[in-house]
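Let me begin by presenting the structure, written as structure tokens, before commenting on it.
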Amino acid sequence: MRRPIIAGNWKMHKTVAEALALVRELAPQVAGEERVEVVVCPPFTALHAVAQALAGTRIALGAQNLFWEEQGAFTGEVSPLMLKDVGVKYVIVGHSERRAYQRESDEEVAKKLTAAFRAGLTPILCVGEQLAEREAGRAETVVGAQLAADLTGLDGAAVQKLVIAYEPIWAIGTGRSAQPEDAAAMAAFIRRKIETAFGKEAAAALRIQYGGSVSPANSREFLTQEGIDGALVGGASLKADSFAAIVAAAHK
Ligand code: 13P
């Protein structure tokens, strides 16, 4: 059985004080949802403080990015070892906002995935198509190509621990979520691709999330779809009540 995983991607939001206030409010609200893995991904500046606040709770800590080298002259970058050092367990890799604004390539994403596994972090790999690509009937082609390139160099043992977030770009921050059936069809496509490339065991264990305008109102529709094992939540993860409601929907 794959354990549902609900992760909050806070993006570029929250000072340290605001981050602490949020997790202190959130922790008691999700304390009873034992079947669900709950992850928060604050900005780098708040990771250390949030790690302390999460001690003794069942919320895990994630980061939003990492660099592929362990140390060195890479001004402005943060290494996998530094993330491990402050208690990070998960790391988002290849989010579409980084692919768009930082021009992050599939080659860089692949290096980051390898580096994350080497450090013992669990990556949450983001893939997804643009609206024009979906409308042209190319969504699977685009996501398939991302997977083939991004997973270069990984083996089945790594891939079975991986989390993949299917996030159609047009659904992110727009209030226009995908149709749950379309998200489920894409999740099934991703699992088939993984099975072909890495084998049955990896495909059966790998967890696939849906992301893109997930809210307390629509989360259940996604989380009850066959093959969708959780959600990567942006805007609705910035408030304890709405994020806890999504976690509760996954628990049912
Ligand atoms: P929203 O939930 O705000 O649409 O963001 C989704 C997302 O990009 C999570 O990584």
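I need every pair where a residue in the range 22-41 that is on the phi > 0 side of the Ramachandran plot has its Cβ under 9 Å from the Cβ of a residue that is modelled with pLDDT under 95 and open to solvent by 70 Å² or more (accessible area, probe 1.4 Å), sequence separation at least 6 or different chains.
Between residues of the range 22-41 that are on the phi > 0 side of the Ramachandran plot and residues that are modelled with pLDDT under 95 and open to solvent by 70 Å² or more (accessible area, probe 1.4 Å), there is no close pair.
Only residues that are part of a helix (DSSP H, G or I), open to solvent by less than 80 Å² (accessible area, probe 1.4 Å) and out of contact with any Lys or Arg (no Cβ under 7 Å at 6 or more places or on another chain): list them for the range 31-75, please. Step through it out loud before you land on a result.
Keep residues of the range 31-75 that are part of a helix (DSSP H, G or I), which gives 44-54.
Of the ones still in play, those that are also open to solvent by less than 80 Å² (accessible area, probe 1.4 Å) are 46-47, 49-51, 53-54.
The answer is LEU47, ALA49, VAL50, ALA51, LEU54.
Is it the case that ASP155 is touching a strand residue (DSSP E or B) at 6+ places or on another chain (Cβ under 6 Å) and open to solvent by 10 Å² or more (accessible area, probe 1.4 Å)?
On the way: touching a strand residue (DSSP E or B) at 6+ places or on another chain (Cβ under 6 Å): no; open to solvent by 10 Å² or more (accessible area, probe 1.4 Å): yes.
The answer is no for ASP155.
Taking the condition of being touching a residue at least 12 places away in the same chain (Cβ under 8 Å) and open to solvent by 10 Å² or more (accessible area, probe 1.4 Å), how many residues in the range 183-203 meet it?
The initial filter retains those residues of the range 183-203 that are touching a residue at least 12 places away in the same chain (Cβ under 8 Å), namely 183-184, 186-191, 193-194, 197-199, 201-203.
Filter again for open to solvent by 10 Å² or more (accessible area, probe 1.4 Å), leaving 184, 188-189, 191, 193, 197-199, 201.
Of the residues in that region, 9 qualify.
Look through the range 158-167, keep the residues that are of a type outside the set (Ser, Thr, Tyr) and within 13 Å of the chain's Cα centre (by Cα), and return whichever of them is surrounded by the fewest Cβ atoms within 10 Å (Cβ to Cβ).
Within the range 158-167, the match that is surrounded by the fewest Cβ atoms within 10 Å (Cβ to Cβ) is LYS161.
Within the bounds of the range 107-123, is there any residue that is open to solvent by 20 Å² or more (accessible area, probe 1.4 Å), without any contact (Cβ under 8 Å) to a residue 40 or more places away in the chain and farther than 26 Å from ASP182 by Cα? Let's see the steps before the verdict.
Just the residues of the range 107-123 that are open to solvent by 20 Å² or more (accessible area, probe 1.4 Å), to begin with: 107-108, 111, 114, 117-118, 120, 122.
Now narrow it down to the ones that are without any contact (Cβ under 8 Å) to a residue 40 or more places away in the chain: 118, 120.
Within this subset, residues satisfying the condition of being farther than 26 Å from ASP182 by Cα are 118, 120.
Checking the range 107-123: at least one residue is open to solvent by 20 Å² or more (accessible area, probe 1.4 Å), without any contact (Cβ under 8 Å) to a residue 40 or more places away in the chain and farther than 26 Å from ASP182 by Cα.
Within the range 161-181, which residues are within 14 Å of PHE222 (Cα to Cα) and touching a residue at least 12 places away in the same chain (Cβ under 8 Å)?
Of the range 161-181, the ones within 14 Å of PHE222 (Cα to Cα) are 165-168, 171, 176-181.
Passing the criteria: ALA165, TYR166, GLU167, PRO168, ALA171, ARG176, SER177, ALA178, PRO180, GLU181.
The values are calculated or read from the model by the stated rules, or taken from the named source; none is laboratory data. Just so it is clear, the structure is predicted and the values come from calculations on it, not from any experiment. Backbone-built Cβ (ideal geometry, glycine too); neighbour counts: all protein chains shown. To get the accessible areas, we keep the full protein, side chains included, count just its heavy atoms, and leave off ligands, DNA and RNA. Shrake-Rupley method; radii C 1.70, N 1.55, O 1.52, S 1.80 Å.
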